[in-house]
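All remarks here apply to the structure that follows.
The values are calculated or read from the model by the stated rules, or taken from the named source; none is laboratory data. Note that this is a predicted model, so its numbers are computed, not measured. Here the Cβ positions follow ideal geometry from the backbone for every residue, glycine too, while neighbour counts run over all protein chains shown. In case anyone asks, the SASA skips ligands and DNA or RNA and just uses the protein heavy atoms, side chains included. Shrake-Rupley method; radii C 1.70, N 1.55, O 1.52, S 1.80 Å.
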Amino acid sequence: MSINHSTWSVILFPYDLPPWMCMKQSFFMLSLLIPGPKGPGKNVDVYLQPLVQELQDLWDNGIETFHAYKRETFQLRAAIMWTINDFPAYANLSGWSTKGQYACPCCGIETISRWLKHGGKFCHMCHRRWLAPKHKWRLNGEDFDGTRELRKPPRRLHGDSILIQIDECLEEGLEDGAQPWKKKSIFFTLAY
Amino acid sequence: MNIEKNVCDNIIGTLLNQEGKSKDNYKARADLVDMGIRSMLHPQPNPNNNTMRFPRACYQMTNKEKDAFLCILKNVKCPDECSSSIPRCVQVKQRKIFGLKSCDCHVLMQELLPIALRGSFPDKVASVLIDLCNFFKQICSKVLTVEFLEQLESQIAITVCQLETIFPPSFFTVMVHLVIHLAYEAKVGGPIQYR
């Protein structure tokens, strides 16, 4: 089965509905259809521009809406909470490369990977970092990957520190010359 | 869900040693030699000819065990609308499982694998894999509390470390690594089926 055409869609879900309603087809909002023949790749931001503008407007000004139960109008505002996508699309949307050495978007630049010479790929065998600091497995190299593990789990970055990191990284790259941030995602232009 | 499927594919492929899907091939064994770990699994020269022999690892099944394992999955009967037909994907004669959709993987991981594994594996391997299955099951539950998730978070670190001692390095793709972040993500984002 070969597919030579791919159309991407961006669908919005209203999350203030009860959980058994919000994922039903009648409440989908198809906001964008990105035409093929190829997927947009990391240029998806170009297509997202009108959507992000509207979201920004919905956050800043809101829109006057009729409340059917109270019989009055109110100012409706909206914020984007998260995106649901697969792992390759994660790279396109966020700008963090989900391939290669720094593949894990949660660990960020503290991702630890190891090049397998024969397998020709990276492996991520650093899970002893999440154990307690004095756990006996940390010193046991033989059963694990042959090394002692004394590092801490990666820090969780917050919005501002991520923005600083992106700016630094886009200008200079990391110390080892790698460039995990491919772009500054359009979602960072939103106010929140 | 995507992570669950990829982990499930990795496990099934490696356990049944399916050609092209197993993460344990001659390249993986060569990497073991490179890293200088698990000398039991290093390729041995065959005395009779020039080929290399690969010792059987604890996560590989003999043909008899494979048959028992697959027979359980083949004869599974589920209630209506519980899952799609998993027995259809199981080929007992060729000792293969293929064509698993992500919803099949979900049911397989959460319900069937812990049962099917029990007879065919040494306790050391089976208990770790069952722990992993339990983790997926618990994190998919409808009610999650923060204390429970913190407990899960420390538990999954131990489980993944135990996996590290069993499977070769090439098993640990990014997708397997991401399992460790799932508990935290559930803490931030709420129960999984409501996202």
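Would you work out the relative contact order for chain A, in percent, from Cα pairs under 8 angstrom that are 6 or more residues apart? All intermediate terms of the calculation are to be shown ahead of the outcome.
On the way: 218 pairs, mean separation 29.9, N = 192.
With pairs under 8 Å counted, the relative contact order is 16 percent.
Considering only A:Thr83, A:His158, A:Gly141, whose Cα is most displaced toward the positive end of the charge dipole of chain A, charges sitting on Cβ of Lys, Arg (+1) and Asp, Glu (-1)?
A:Gly141
At 7 Å along the Cα-to-beta-carbon direction for both A:Met21 and A:Asn61, put a label point, then send me their distance in nm to one decimal.
2.8 nm
Pop the C-beta distance of A:Asn85 and B:Asn49 into the FRET formula with R0 = 45 Å and round what comes out to the nearest 0.05. Could the numbers behind the result be given before it?
Working: r = 51 Å, r/R0 = 1.13.
Once the sixth-power term is evaluated, E becomes 0.35.
Roll a 1.4 Å probe over the protein heavy atoms and report the accessible area of A:Asp86 in Å², nearest 10.
Roll a 1.4 Å probe over it and A:Asp86 shows about 70 Å².
Let's see if you can work this out: charge +1 on each Lys and Arg Cβ, -1 on each Asp and Glu Cβ, no other charges. What is the dipole magnitude of the stretch A:58-140 about its Cα centre, in debye to the nearest 20?
Working: 12 positive and 5 negative charges, 178 e Å.
Roughly 860 debye for the stretch A:58-140.
Between A:Gln75 and A:Arg148, what FRET efficiency follows from the Cβ-Cβ distance if R0 is 45 Å, with the result rounded to 0.05? Please list the in-between numbers first.
Values: r = 58 Å, r/R0 = 1.30.
Given R0 = 45 Å and the Cβ-Cβ separation, E is 0.15.
The stretch B:78-186: D in µm²/s via Stokes-Einstein (Kirkwood Rh, Cα pairs, 25 °C, 0.890 mPa s)? Numbers along the way, then the final one.
On the way: Rh = 15.4 Å.
The Stokes-Einstein estimate is 159 µm²/s.
Would you mind computing, in nm to one decimal, how far apart the modelled labels at B:Gln91 and A:Lys183 are, each placed 7 Å from Cα along Cα→Cβ?
About 4.2 nm, to one decimal.
If R0 is 22 Å, what FRET efficiency do you get for B:Lys137 and B:Val188 from their C-beta distance, rounded to 0.05?
The value I calculate is 0.60.
Say the dipole of the protein assembly as shown comes from +1 at the beta carbon of Lys and Arg and -1 at that of Asp and Glu; which of B:Phe98, B:Ser83, A:Ile3 then lies farthest toward its positive end?
Farthest towards the positive end: B:Phe98.
Roughly how many nanometres apart are two label points built 7 Å out from the Cα toward the Cβ at A:Lys136 and B:Glu147?
Going by the 7 Å Cα→Cβ label model, 2.9 nm.
Mind checking the dipole of the protein assembly as shown: about its Cα centre, +1 per Lys or Arg Cβ, -1 per Asp or Glu Cβ, Debye to the nearest 20?
Working: 46 positive and 39 negative charges, 310 e Å.
For the protein assembly as shown, the charge dipole is close to 1480 debye.
Relative to the Cα centre, what is the charge dipole magnitude of the stretch A:50-192, using +1 at the beta carbon of each Lys and Arg, -1 at the beta carbon of each Asp and Glu, and rounding to the nearest 20 debye? Write out the running numbers ahead of the final one.
On the way: 20 positive and 18 negative charges, 179 e Å.
Taking the Cα centre of the stretch A:50-192 as origin, the dipole is about 860 debye.
Can you list which of the trypsin sites (Lys or Arg not before Pro) found in the stretch A:26-85 are DSSP loop residues with at most 14 other C-beta atoms within 10 Å?
Working: sites: A:Lys38, A:Lys42, A:Lys70, A:Arg71, A:Arg77; in loops: A:Lys38, A:Lys70, A:Arg71, A:Arg77.
Counting only loop positions with at most 14 other Cβ atoms within 10 Å, the trypsin sites (Lys or Arg not before Pro) in the stretch A:26-85 are A:Lys38, A:Lys70, A:Arg71, A:Arg77.
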